[in-house]
Amino acid sequence: MNRPLQSLILVGSLALVQGCAALGKSNSFTLTADLPPDFAYVASVYYVPAKGQTCTVPRADNLVPQFNREWRTEYKPDAQIEIRRTRKGCELVVDHVELEINATYGKDRGDFGREYARVSVREELPEAVKGAFDAAGKSEFSGQCQWLFRTSGGLRRLVKILDCKKMDVDGEVLKSRPFAAYTLDELPGKTVKMKIKLADEERPAVGDTWVKVPGGWKRCMGDNFADQYAFCYGNYKDFSTFRMPGGRICTIYPGCTEDKEVTP
């Protein structure tokens, strides 16, 4: 084989490899997260037929990929999200990524809170809604999570509920859940980061059940210790103990000073 022909084949092969690499890169984006300690996310990716497609794909053939499904033991902050794929001859595009935010507060398996966030993807979006990328191809959306505490059961065990809200660019906490939206053509090769901060203070999940005191909150007694609702109803003198997730019985949350269990 003569040298010019060999050179032509080499150049053509290199272009083909580069083209395939570019195509592979252009069909995904990186989803990542900056979360507080003891937090993790699970990402579920949903696909729909691309614009102009008249086909439909049964759910059994259009399964929802999940990342960090085993978030307690195999959590990884980065996930590669495929943008376009074909199932049963039907071209599909990513429609949205549902983000399940999980946070643990105790050692028991049930000692965790869960909230949700979302990344939506559309063919077109108004500029006011569309997420922006920096020169490095990175975009970030923010949220704040807060623990809401209450007591549950006959032992008045303290449990927590996770409440997460979107934060704007000025750091103001909004009423909606954390959310971002992008167009299909701006996502290839980019990185989208969900950044979550934890509120400095926790607050009661139910109003008129705890009273603010130095060091934290005291649980109103209600009619008696068996009263599951135990609203204060103006009685700010009679309080009950409660059981922490680790088993310790306390009178103030979170400033518990008791170092051993006592009988309610």
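All of the numbers you see were taken from the coordinates with simple rules; none came from a lab. This structure is a prediction, so every number in the text was calculated from the model and none was measured. When we count neighbours, we look across all protein chains shown, and the Cβ atoms used for this are built from the backbone with ideal geometry, even at glycine.
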Treating the angle as unsigned and between 0 and 90°, give the value, to the nearest 10°, between the Cα long axis of helix 3-26 and the longest Cα principal axis of the chain.
20
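Within 10 Å of each candidate Cβ there may be at most 14 other Cβ atoms; applying that plus a DSSP loop requirement, which chymotrypsin sites (Phe, Trp or Tyr not before Pro) in region 27-81 survive? All intermediate terms of the calculation are to be shown ahead of the outcome.
Details: sites: Phe29, Phe39, Tyr41, Tyr46, Tyr47, Phe67, Trp71, Tyr75; in loops: Trp71, Tyr75.
Sites meeting the loop and neighbour criteria: none at all.
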What list of ³J(HN,Hα) values in whole Hz, one per residue of region 93-103 in order, does the Karplus curve 6.51 cos²θ - 1.76 cosθ + 1.60 (θ = phi - 60°) give from phi, with Gly and Pro shown as x?
10, 5, 9, 6, 10, 8, 10, 9, 9, 10, 9
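What does the net charge come to around Ala230 if you take all other residues with beta carbon closer than 12 Å to its beta carbon, with K and R at +1 and D and E at -1? Mind showing how you got there, number by number?
Numbers: positive: Arg150, Arg156, Lys218, Arg219; negative: Asp208, Asp223, Asp227, Asp238.
So the surrounding residues net to 0.
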If you keep only loop residues by DSSP, which chymotrypsin sites (Phe, Trp or Tyr not before Pro) in region 175-264 have at most 12 other Cβ atoms within 10 Å of their Cβ?
Tyr229, Tyr233, Tyr236
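Counting only trypsin sites (Lys or Arg not before Pro) that are in a DSSP loop and have at most 13 other C-beta atoms within 10 Å, tell me the longest site-free stretch of the chain. Before the final figure, lay out the partial values.
Working: sites that count: Lys51, Arg69, Arg72, Lys88, Lys107, Arg109, Lys175, Lys237, Lys260.
Formally, the longest exposed-site-free interval is 110-174.
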Distance (nanometres) between label positions extended 7 Å along Cα→Cβ at Asp200 and Ala128:
3.3
Hey, rough spin-label estimate for Ser44 and Glu172, points 7 angstrom out along Cα→Cβ, what's it come to in nanometres?
3.3
Based on alpha-carbon positions alone, could you give the equivalent ellipsoid semi-axes of region 206-254 from the gyration tensor, as √(5λ), descending, whole Å?
17, 13, 9
Counting Lys +1, Arg +1, Asp -1, Glu -1, what net charge surrounds Val42 among other residues with beta carbon under 12 Å of its beta carbon?
-1
Under 5 Å, built H, 5+ apart or other chain: amide partners of Asn235:
none
Calculate one ³J(HN,Hα) per residue across region 161-173 by plugging θ = phi - 60° into the Karplus curve 6.51 cos²θ - 1.76 cosθ + 1.60, and present them in order as whole Hz with x for glycine and proline.
10, 8, 10, 10, 10, 6, 10, 7, 5, 8, x, 7, 7
Run lengths n ≥ 4 of DSSP H only: what is the helix-derived mean residue ellipticity at 222 nm for the chain, with -39500 (n - 2.57) per run over all residues, to the nearest 500?
-3000 deg cm²/dmol
Can you list the residues, at least 5 places off or on another chain, whose amide H is less than 5 Å from the amide H of Val129, using H built in the peptide plane?
none
